[in-house]
Structure formats: structure tokens, C-alpha cells
1. I need the P(r) histogram for the chain: all alpha carbon pairs, bin width 10 Å from 0 out to the longest distance, whole percents.
2. Could you give the accessible area per residue of the range 181-310, probe 1.4 Å, as a whole number in Å²?
3. Using bins 5 angstrom wide from zero, how does P(r) for the range 190-254 break down, in % of all Cα pairs?
4. Could you list which residues have their amide H under 5 Å from that of Gly319, counting only those 5 or more apart in sequence or on another chain, with H placed in the peptide plane?
5. From the backbone phi of the range 364-373, what are the Karplus-calculated ³J(HN,Hα) couplings (6.51 cos²θ - 1.76 cosθ + 1.60, θ = phi - 60°) in whole Hz, Gly and Pro given as x?
6. What trypsin sites (Lys or Arg not before Pro) in the range 236-330 are in a loop by DSSP, with at most 15 other Cβ atoms within 10 Å of the Cβ?
7. By how many nm would the segment from Ala209 to Asp296 grow when fully extended, if each residue of separation counts as 0.36 nm and the alpha-carbon distance is taken off?
8. Filter the trypsin sites (Lys or Arg not before Pro) in the range 177-234 to those in DSSP coil with at most 16 other Cβ atoms within 10 Å of their Cβ, and list the result.
Amino acid sequence: MKKKLLSALLSVAMISSLLVGCGSSADTTETTETTETTEATTEEAPAAEETTEEATDETAAAGDEITYAGELEIMHYSTSEESEGNGGSDGFRTVLAEWDEAHPDITLTQNVLANAEYKTQIATLAAADDLPDVFLLQGMNTIAWADQGLVYDLTEDIKSSPYYADYNTSYFAPFTVDGKMYGYPVLTGGTCTVVIYDKAMWKEAGFDAFPTTWEDVEKASEYFNEKGITTVAFGNGGKWQANSDFLSTLGNRYTGPDWFMGLIAKSGSAFTDDTFVAALTETQRLFHDTKIFNEDFNAVTNEDAREYYISGDAAAFIGGNWDESYIAATLLASNEEKYNNIGFAVLPQPADATYAPNSQNIGLGYAVAINPKVADDPEKLAAAIDLAEYVTGPAFANYVATNYALGGLTKVADVDLSNFDQITQDFYNWSYVDTETCEIYDSYISSAVWDVLNTDLQTMMNGDMTPEDVAANAQAAYEANY
């Protein structure tokens, strides 16, 4: 039986393979192409570079469990063009093809649009109560669509999944409302807050590793400043960087995760809460009152700031996974000794913060969700749930870990990273194994809120606005726009 692949209004957004949605953190090039609906065999999907034995076994097992025979539709944005160089999309397409092949009695229709088109089209379908059987749910839509009855409650199915013990359960937070989970987080996650530092430079300053407290960073800055070296390079010229690459992690150290979940759910949290104001106060102190950062941090972008690190003018840099990819590739080609001295660390802990000292912000912005109407046919529902479990389970996790050194919802034990060099292995372990995770603020709520906060943060970091006023303005924007 032939499988259908529906492509409509394909527009290609070439993005970093790890980008999660941190502000405007990557330049994009977009082209648009309209194609006719095509019917194709699953052989048209990209073949896996390496298919693990575990994945093959799980595919066969999944095929044996499903009794449904009929039509099933999935809508997603992993186009063939986007999958080139994008590990998450390549992995998604690969395991989706595996599941399709294992279920010959199911006619799987894929409605595939590029990301920008997908967001517009899925919102249109939701407004018309005409969502596909299976689709990708964006975290910021979960509350409203759950309230409208547009997404199926998967709580018990997720908890009874054979893979549940291996799920990184923190990824479910954006898709959880009142304790109910509405999707399986999908694709790959990457950090927006990683400290990249030169091990040799910090050893010369008397530190075997990057400090775990800001107090020690301030001590180190005395050494580096005497040598005319910036201690930590940072760029906030685009205004979003202070939010995505700094505050959402530092803020979690003060507020804990429940505070931000409360903001998302409108359950009582406020920007004017003392804990968040304390995070703003520490941010102002670090950038305005110390000599840790480059003086032009508000004038240069993260792309500019990372050049300070690459050139040796800064001993460390704070940015996102896309910056790590650029720095690593640049140094590998131009300065192998400096490349081999790359180290990774979390933000140091403030003296008055009480939460999660080993945390960094990382997330999965979409989840595989199911239209509640599918539940009218229990066999079809079982097939849809099995599909959702498979494309987010061990088969996907093993594929992206083996081929891209990336991670998703399902943790991989003893992943074989031997095909990658030491720095790549170190970053994988830092991202997915050795650190705790927290949410990325501007992946949720509303851009109208973040535009106000981000503008005020620049002013505050320069010392020209109080943390209390920043918090009050943010709260006003939140109440007006969310």
C-alpha cells in the first residue's frame, strides 16, 4: 500500500541544528516553493546513516502491537530541505519512515510545511477545530488549546509508556496544564546559556576549572584586567541575549521552576515578586558594578562577543549552542591548541540564590499531540499514540546521538560518541548528562512582554533604571498582553 506525502507551500528556513528559539538568535534565509500533492513510497524519506539494533527491534515490536488498519494523518515541519544539516529534522524524518514501514496496513499521510508556514496553518486549523490526527503542538499554545478541547489528554499514556523511565520529564513542562500532559516533546534540545572558557587561561589565573561562584569570577577578573583581557565576553546588542542567554538561567536560581510555570499558567506568579526582582538586582550588579564583562556588552551582538573569545581577548564567553558550534568550528580550523582547551560550565551561583546551582536553560519547543476526535476510534488512537511514542523514543534518541551528538526527550544510556572528537563529546555530556535544565523564558508567554523587558534590561544593565521599575513594566506588559 502506498504512503502519501503531502507537501504544501514549502519554504525553507536554514537554521542551526541545535537552535531552540532563543530570541532572534540565528539569521535565516527563506525561499518559497509550491508543489503538487505527491504520492511516494517510504523510500523517499531520508535513510538513516546508522540505524541501531535497538531501534530496529523496537520498530518490529511496535508493528506487532497495532491492530488498526486505515488512514492516519500527521502534520509537521521537518521538510527534506530542512533536514539537511539539521539533526532533529533528519532524525524525525528517519524514524517516522521506520514507523511507517513497520505498519503496512496504515496509510500515513504527512502534511509537511516549513516552520513559518506550519505555525500559520496549524493556528488556522485550530481556530476551525479541524486539526490533523497527529500534529506538533507549540508550548505557548498548550493552555489555550487544552482549554478549548483541541488536544487529547495523554497523561496516562505518557506515564504508562515503555520509555517513561528514560524520559527527561522536565521537557514536559510547557505541555502540562493542571497536571495533565498533552504531548510528547519532540526533536532535539539545545542550550541558550553555556559558559565557554579557555582552560589554559583560567589555569594561569589560578583556577583548574571555571568558578562555581560569581565571587571567584570577580577575583579572577582582577588578574585578567591587569593583563588587558576581558574576563567574560557577552553581547546584548540585539536586546534578546540578556534574556535568553543569561536571565532565564540566573532567574531560575532565585525563583525556582514553579515561579515561571506560574507565569505561563497565570496562577499567581508576577514579575514583581521579590525573588525575580532579586535576580534583576544581581544581573545589574554583575554587569554594571563589576569589571567582569566587556564594557561594550550592550553595543555588540553575541556574534561580536564570541570573536573576543576566539581572538584571546576574552577568557570566557556566554552564549548559546549555536555560538558553541561556531566557536568550535572556527578554532578547529584556525587554532587547534585553543580548540583543545575549550571548556564548558554553567553560570556561577550568586551568593544569595538558593536553587539549582548546576542548571542551564534548555528546552523542546514542540510536542507530538493528538486530536481528541481520534479517540472515537480506539484502535486508531492506539496507533497515533504508538507513533508519538516511537518518534520521540529510543529510536530517535539513538539516531541523533549517534549521528549528531544531540539529545531529545528520551535519555540514551552509554551513548557511543566515539566517532566524535573530545570537545564534541564534552559538549554532549555537558548539555544532556552532567547538568540540570530549566526553561527558556522567551520560548513562552508573548513577544509583547519580552520586547518591554528586553529593552528595559539594557537600560538597567547600564545602571540607568532600577530593577523594581523593570519588574513593574514587565508585569504591566504581561497583564496587558497575556
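1. Distribution as computed: 4, 20, 30, 25, 15, 6, 1, 0 percent.
2. Working: 4610 Å² over 130 residues.
On a per-residue basis, the range 181-310 sits at 35 Å².
3. Distribution as computed: 4, 15, 23, 24, 17, 15, 3, 0 percent.
4. Val194, Ile196
5. 10, x, 10, 9, 6, 10, 10, 5, x, 5
6. Working: sites: Lys239, Arg253, Lys266, Arg285, Lys291, Arg306; in loops: Lys239, Lys266, Lys291.
Sites meeting the loop and neighbour criteria: Lys266, Lys291.
7. Numbers: separation 87, 0.36 × 87 = 31.32 nm, distance 2.61 nm.
Contour length minus Cα-Cα distance gives 28.7 nm.
8. Numbers: sites: Lys180, Lys199, Lys203, Lys219, Lys227; in loops: Lys227.
Passing sites in the range 177-234 are Lys227.
The values are calculated or read from the model by the stated rules, or taken from the named source; none is laboratory data. All of these numbers come straight from a predicted model, not from anything done at the bench. Here the Cβ is made from the backbone with ideal geometry for all residues, glycine too, and neighbour counts use every protein chain on show. Note: areas computed on protein heavy atoms with side chains; ligands, DNA, RNA excluded. Shrake-Rupley method; radii C 1.70, N 1.55, O 1.52, S 1.80 Å.
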